1. Return the total of residues in the stretch 11-45 being part of a loop (DSSP other than H, G, I, E, B) and hydrophobic (A, V, I, L, M, F, W, C).
2. Would it be correct to say that residue 153 is open to solvent by 20 Å² or more (accessible area, probe 1.4 Å) and in a helix (DSSP H, G or I)?
3. Please indicate, with yes or no, whether at least one residue in the stretch 229-239 is of a type in the set (Ser, Thr, Tyr), in a helix (DSSP H, G or I) and under 24 Å from residue 126 (Cα atoms).
4. How many residues, within the stretch 46-57, are part of a loop (DSSP other than H, G, I, E, B) and surrounded by 20 or more Cβ atoms within 10 Å (Cβ to Cβ)?
5. Go through the stretch 255-284 and give me each residue that's in a strand (DSSP E or B), out of contact with any Lys or Arg (no Cβ under 7 Å at 6 or more places or on another chain) and surrounded by 17 or more Cβ atoms within 10 Å (Cβ to Cβ).
6. Consider residue 287 carefully, then state whether it is farther than 25 Å from residue 63 by Cα and part of a helix (DSSP H, G or I).
7. Give the residue that is most open to solvent (accessible area, probe 1.4 Å), with candidates limited to residues of the stretch 241-252 that are out of contact with any helix residue (DSSP H, G or I) (no Cβ under 7 Å at 6 or more places or on another chain) and touching a residue at least 24 places away in the same chain (Cβ under 8 Å).
8. Only one residue in 178, 188, 147 is under 22 Å from residue 45 (Cα atoms) and open to solvent by 40 Å² or more (accessible area, probe 1.4 Å), so which one is that?
Amino acid sequence: MTAIPAFSVADLGHVAIAHALLPATRPGGLPVVFVHGLSMQGPEWPAAFLDELGADHPILLLDNRDAGLSSAFGPVVLGEPDAPPPQAYDLFDMARDVVALLDRLGLDRVHLVGYSMGGRITQIIAATEPARVASLTCLSSTGGRRQVEAKADVRDALGAARAERLLHAPDIELFVAQSRLLDGTALQASDDEHRRRITQAVTRSYRPLGTGRQMAAIESTMDRRELLGRITCPTLFIHGTADPVVALDRAREGVERIANARLHIIDGLGHLITEAATPLFLAPLSAHIRAAEATG
């Protein structure tokens, strides 16, 4: 199993981004950059992804701003005392964080893999920095719509609404119950799997206010459907038929708008990359990256 080293923190001026760059076992392929979803952290990617792709590609893992060990952003209060604070940032800012990190590390051309919110971020990078992106893979992500269309109970599980007490300490069993809402009709995680993932994450970093700001960034970012038409790299959407957060039709919209895009469907999958589903993600992901490198 690929060992994940301690994350370094790169001060990029406007933000500090925690990251780990894993060397390839057999150097030769372009780096693969993994960008995670709402509130999730770099070490949460499945070890099987890193083992398989890390054989021929350097792997870059990172914590998005307001998650993990990267910079936290508080509200900026302007104007009248009772006026709501302006949104601190949007997904375009988060995409610029990733590009700035690539610049710092000297990574000129990469494969991008984004899960959920990370898919939105990597779509922006592929559209605005086309020369730098050899391929794009969007896992359980949308096709450019601004809205988050998940059900109310799932929105709560994503962190859109938190009880006051949870700002001070996590409630693992509550989070396990919320995480179950993200499962589909097949390839589900056991309670132990949910609990292990959540415990490891909150032990490393617990940032409930950051989760709320990331959700606000998603909802405040403009509709990106027209932007997707600017993506020219080979693109793959991998999506489940039972995703309760992003409907399968949203992935289909993305495929329709990107000229060189394909859709791989996993029957019964919900919104999580569960242990049972990991091989079903990995096979098409690995094949997509190999094909993109073969065609230049």
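1. Final tally of qualifying residues: 7.
2. The answer is yes for residue 153.
3. No.
4. Total meeting the criteria: 1.
5. Residues satisfying the conditions are 261, 264, 266.
6. Yes: the conditions hold for residue 287.
7. 252
8. One residue alone meets the criteria, 188.
The values are calculated or read from the model by the stated rules, or taken from the named source; none is laboratory data. No experiment lies behind these values; they were computed from the predicted model shown. Cβ coordinates were reconstructed from backbone atoms using ideal geometry, including for glycine residues, and neighbour counts include every protein chain displayed. Ligands, DNA and RNA are stripped out before the accessible areas are found, and what is left, the full protein with its side chains, is counted by its heavy atoms. Shrake-Rupley method; radii C 1.70, N 1.55, O 1.52, S 1.80 Å.
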